[in-house]
1. Using a 1.4 Å probe on the protein heavy atoms, what percent of the accessible area of the chain belongs to carbon and sulfur?
2. How much accessible area per residue does the chain have, counting only protein heavy atoms and a probe of 1.4 Å, in square angstrom?
3. Would you mind computing, in nm to one decimal, how far apart the modelled labels at Q28 and D41 are, each placed 7 Å from Cα along Cα→Cβ?
4. Spelling out what I want: for every residue of the range 125-137, take phi, set θ = phi - 60°, compute 6.51 cos²θ - 1.76 cosθ + 1.60 (Karplus), and round to whole Hz; glycine and proline get x.
5. If we sort 156-165, 179-188 on the protection proxy, mean other Cβ atoms within 10 Å, highest first, what's the order?
6. Treating the angle as unsigned and between 0 and 90°, give the value, to the nearest 10°, between the Cα long axis of helix 62-72 and the longest Cα principal axis of the chain.
7. If a paramagnetic tag sat 7 Å from the Cα of N72 along the Cα-Cβ line, which residues of the range 83-99 would have the backbone N under 18 Å from that point?
8. Roughly how many nanometres apart are two label points built 7 Å out from the Cα toward the Cβ at T57 and S84?
Amino acid sequence: RKGIFCFAVVLLILLVAFAAPVGLSNAQTPTMDIYVANTIDQCAGKPQCFYNDDPDTPQAVALNKAINFARNNALGGARIHIISAYDIKTNTVTIDFPVNLIGEVGGWLSTSSSDCSQPMLLITSDVTIRNLTITDGSCSNPSRDLLVIQSPFDVTIENVTLEHGNNAITHKNGLGDLLVRFSEIKNN
(Lines give C-alpha, C1' and ligand atoms only; values in the text may rest on other atoms or scores of the structure.)
Protein backbone atom coordinates (compact mmCIF):
# COMPACT_ATOMS: atom_id res chain seq x y z
CA ARG A 1 0.00 0.00 0.00
CA LYS A 2 2.80 2.38 0.84
CA GLY A 3 4.39 1.77 -2.58
CA ILE A 4 1.12 2.47 -4.44
CA PHE A 5 0.60 5.67 -2.46
CA CYS A 6 4.15 6.89 -3.22
CA PHE A 7 3.72 6.02 -6.91
CA ALA A 8 0.43 7.96 -7.05
CA VAL A 9 2.02 11.03 -5.40
CA VAL A 10 4.99 10.98 -7.81
CA LEU A 11 2.64 10.55 -10.79
CA LEU A 12 0.48 13.46 -9.62
CA ILE A 13 3.55 15.70 -9.20
CA LEU A 14 4.76 14.83 -12.71
CA LEU A 15 1.34 15.51 -14.24
CA VAL A 16 1.12 18.92 -12.58
CA ALA A 17 4.71 19.80 -13.50
CA PHE A 18 4.26 18.96 -17.19
CA ALA A 19 0.69 20.22 -17.56
CA ALA A 20 1.32 23.76 -16.28
CA PRO A 21 3.78 24.84 -19.00
CA VAL A 22 1.57 23.41 -21.74
CA GLY A 23 -1.41 25.45 -20.50
CA LEU A 24 0.66 28.63 -20.34
CA SER A 25 2.18 28.24 -23.78
CA ASN A 26 -1.24 27.80 -25.40
CA ALA A 27 -2.78 30.83 -23.69
CA GLN A 28 -3.99 33.49 -26.09
CA THR A 29 -2.82 37.04 -25.66
CA PRO A 30 -5.69 39.53 -25.75
CA THR A 31 -5.68 41.78 -28.81
CA MET A 32 -6.68 45.43 -29.16
CA ASP A 33 -9.82 44.57 -31.17
CA ILE A 34 -12.92 43.79 -29.11
CA TYR A 35 -16.40 43.23 -30.54
CA VAL A 36 -19.86 43.99 -29.14
CA ALA A 37 -23.16 42.52 -30.36
CA ASN A 38 -26.70 41.90 -29.21
CA THR A 39 -26.62 38.11 -29.60
CA ILE A 40 -24.20 35.22 -29.57
CA ASP A 41 -25.01 34.53 -33.25
CA GLN A 42 -23.71 37.98 -34.22
CA CYS A 43 -20.43 37.11 -32.50
CA ALA A 44 -19.85 34.02 -34.66
CA GLY A 45 -16.27 33.96 -35.92
CA LYS A 46 -15.22 37.05 -33.97
CA PRO A 47 -12.63 36.62 -31.21
CA GLN A 48 -13.09 38.63 -28.02
CA CYS A 49 -16.76 39.25 -28.80
CA PHE A 50 -19.26 40.09 -26.07
CA TYR A 51 -23.04 39.92 -26.36
CA ASN A 52 -25.96 40.99 -24.17
CA ASP A 53 -27.33 38.55 -21.60
CA ASP A 54 -31.02 38.38 -20.75
CA PRO A 55 -31.29 40.24 -17.44
CA ASP A 56 -31.47 44.03 -17.50
CA THR A 57 -28.43 44.61 -15.29
CA PRO A 58 -25.17 46.46 -15.95
CA GLN A 59 -23.27 43.15 -15.82
CA ALA A 60 -25.41 41.76 -18.66
CA VAL A 61 -24.60 44.58 -21.10
CA ALA A 62 -22.00 43.60 -23.70
CA LEU A 63 -20.50 47.09 -23.90
CA ASN A 64 -19.83 47.04 -20.14
CA LYS A 65 -18.24 43.59 -20.50
CA ALA A 66 -16.00 44.86 -23.32
CA ILE A 67 -14.84 47.89 -21.31
CA ASN A 68 -14.11 45.67 -18.29
CA PHE A 69 -12.19 43.23 -20.52
CA ALA A 70 -10.05 46.08 -21.87
CA ARG A 71 -9.39 47.36 -18.33
CA ASN A 72 -8.63 43.92 -16.86
CA ASN A 73 -6.15 43.18 -19.67
CA ALA A 74 -4.53 46.66 -19.66
CA LEU A 75 -5.64 47.33 -23.24
CA GLY A 76 -5.65 51.13 -23.11
CA GLY A 77 -6.69 52.46 -26.51
CA ALA A 78 -8.48 49.23 -27.43
CA ARG A 79 -10.85 49.35 -30.39
CA ILE A 80 -14.36 48.30 -29.37
CA HIS A 81 -16.28 47.52 -32.56
CA ILE A 82 -20.08 47.84 -32.46
CA ILE A 83 -21.41 45.15 -34.78
CA SER A 84 -24.61 46.03 -36.63
CA ALA A 85 -27.46 47.44 -34.54
CA TYR A 86 -26.61 47.21 -30.85
CA ASP A 87 -28.93 47.99 -27.90
CA ILE A 88 -27.86 48.90 -24.41
CA LYS A 89 -30.40 48.36 -21.65
CA THR A 90 -31.78 50.64 -18.92
CA ASN A 91 -28.63 51.68 -17.06
CA THR A 92 -26.14 54.24 -18.30
CA VAL A 93 -22.98 52.67 -19.73
CA THR A 94 -19.97 54.39 -18.14
CA ILE A 95 -16.87 54.47 -20.32
CA ASP A 96 -14.21 54.98 -17.67
CA PHE A 97 -11.21 53.46 -19.46
CA PRO A 98 -9.42 54.84 -22.56
CA VAL A 99 -10.98 53.09 -25.57
CA ASN A 100 -12.08 53.78 -29.13
CA LEU A 101 -15.75 53.04 -29.78
CA ILE A 102 -16.16 52.27 -33.50
CA GLY A 103 -19.29 51.51 -35.48
CA GLU A 104 -18.86 48.78 -38.07
CA VAL A 105 -20.81 48.87 -41.35
CA GLY A 106 -24.37 49.48 -40.25
CA GLY A 107 -23.21 49.84 -36.64
CA TRP A 108 -25.40 51.93 -34.44
CA LEU A 109 -26.13 52.24 -30.77
CA SER A 110 -29.61 52.47 -29.32
CA THR A 111 -31.60 51.30 -26.31
CA SER A 112 -34.04 48.46 -25.83
CA SER A 113 -35.38 49.79 -22.54
CA SER A 114 -38.67 51.54 -21.88
CA ASP A 115 -37.05 53.30 -18.89
CA CYS A 116 -35.71 56.46 -20.50
CA SER A 117 -34.66 58.35 -17.37
CA GLN A 118 -30.89 57.83 -17.59
CA PRO A 119 -28.32 59.02 -20.14
CA MET A 120 -27.12 56.37 -22.57
CA LEU A 121 -23.35 56.91 -22.26
CA LEU A 122 -21.30 58.62 -19.54
CA ILE A 123 -17.71 59.26 -20.62
CA THR A 124 -15.13 59.81 -17.88
CA SER A 125 -11.91 58.84 -19.66
CA ASP A 126 -9.86 59.48 -22.83
CA VAL A 127 -12.35 58.18 -25.40
CA THR A 128 -12.85 58.41 -29.16
CA ILE A 129 -16.22 57.61 -30.72
CA ARG A 130 -16.11 57.09 -34.49
CA ASN A 131 -18.42 56.02 -37.35
CA LEU A 132 -21.44 55.39 -35.19
CA THR A 133 -25.10 56.42 -35.12
CA ILE A 134 -26.45 56.94 -31.60
CA THR A 135 -30.18 57.22 -30.97
CA ASP A 136 -32.33 56.61 -27.91
CA GLY A 137 -34.59 54.07 -29.60
CA SER A 138 -38.27 54.22 -28.68
CA CYS A 139 -37.75 56.79 -25.91
CA SER A 140 -39.72 59.93 -26.71
CA ASN A 141 -41.28 61.29 -23.55
CA PRO A 142 -38.80 61.73 -22.04
CA SER A 143 -35.97 61.07 -24.47
CA ARG A 144 -32.62 59.93 -23.12
CA ASP A 145 -29.52 62.12 -23.14
CA LEU A 146 -27.16 60.46 -25.58
CA LEU A 147 -23.65 61.46 -24.41
CA VAL A 148 -22.68 62.97 -21.08
CA ILE A 149 -18.99 63.92 -20.97
CA GLN A 150 -17.36 64.36 -17.54
CA SER A 151 -13.76 63.65 -18.41
CA PRO A 152 -10.50 65.26 -17.34
CA PHE A 153 -9.09 63.84 -20.59
CA ASP A 154 -9.67 64.67 -24.25
CA VAL A 155 -12.75 63.18 -25.90
CA THR A 156 -13.16 62.99 -29.67
CA ILE A 157 -16.44 62.41 -31.50
CA GLU A 158 -16.07 62.09 -35.27
CA ASN A 159 -18.23 60.85 -38.11
CA VAL A 160 -21.04 60.28 -35.61
CA THR A 161 -24.76 60.87 -36.03
CA LEU A 162 -26.56 61.80 -32.81
CA GLU A 163 -30.33 61.85 -33.23
CA HIS A 164 -33.66 61.62 -31.44
CA GLY A 165 -32.23 62.05 -27.95
CA ASN A 166 -32.96 64.64 -25.31
CA ASN A 167 -29.54 66.33 -25.27
CA ALA A 168 -27.14 64.99 -27.89
CA ILE A 169 -24.00 65.99 -25.95
CA THR A 170 -23.71 67.39 -22.46
CA HIS A 171 -20.19 68.47 -21.48
CA LYS A 172 -19.96 69.14 -17.76
CA ASN A 173 -17.13 69.59 -15.31
CA GLY A 174 -14.69 68.31 -17.90
CA LEU A 175 -11.14 69.55 -17.81
CA GLY A 176 -10.25 67.79 -21.05
CA ASP A 177 -10.98 69.11 -24.52
CA LEU A 178 -14.06 67.96 -26.44
CA LEU A 179 -13.61 67.71 -30.20
CA VAL A 180 -16.69 67.09 -32.34
CA ARG A 181 -16.03 66.93 -36.08
CA PHE A 182 -17.62 65.57 -39.25
CA SER A 183 -20.71 64.68 -37.22
CA GLU A 184 -24.43 65.24 -37.59
CA ILE A 185 -26.60 66.28 -34.65
CA LYS A 186 -30.32 66.33 -35.39
CA ASN A 187 -33.77 66.06 -33.80
CA ASN A 188 -32.57 66.23 -30.20
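1. Values: 5650 of 10150 Å².
The computed percentage sits at 56.
2. Per-residue accessible area for the chain comes out at 54 Å².
3. So the label points at Q28 and D41 sit 2.2 nm apart.
4. 9, 7, 10, 10, 10, 9, 6, 9, 9, 10, 9, 9, x
5. 156-165, 179-188
6. Relative to the chain, helix 62-72 is tipped by roughly 60 degrees.
7. 94-99
8. Between T57 and S84, the label points sit 2.6 nm apart.
The values are calculated or read from the model by the stated rules, or taken from the named source; none is laboratory data. Quick caveat, the model's predicted, so the values are computed rather than measured. Note that each Cβ is placed from the backbone with ideal geometry, even for glycine, and that neighbours are counted across all protein chains shown. Accessible surface areas use protein heavy atoms only, side chains included; no ligands, DNA or RNA. Shrake-Rupley method; radii C 1.70, N 1.55, O 1.52, S 1.80 Å.
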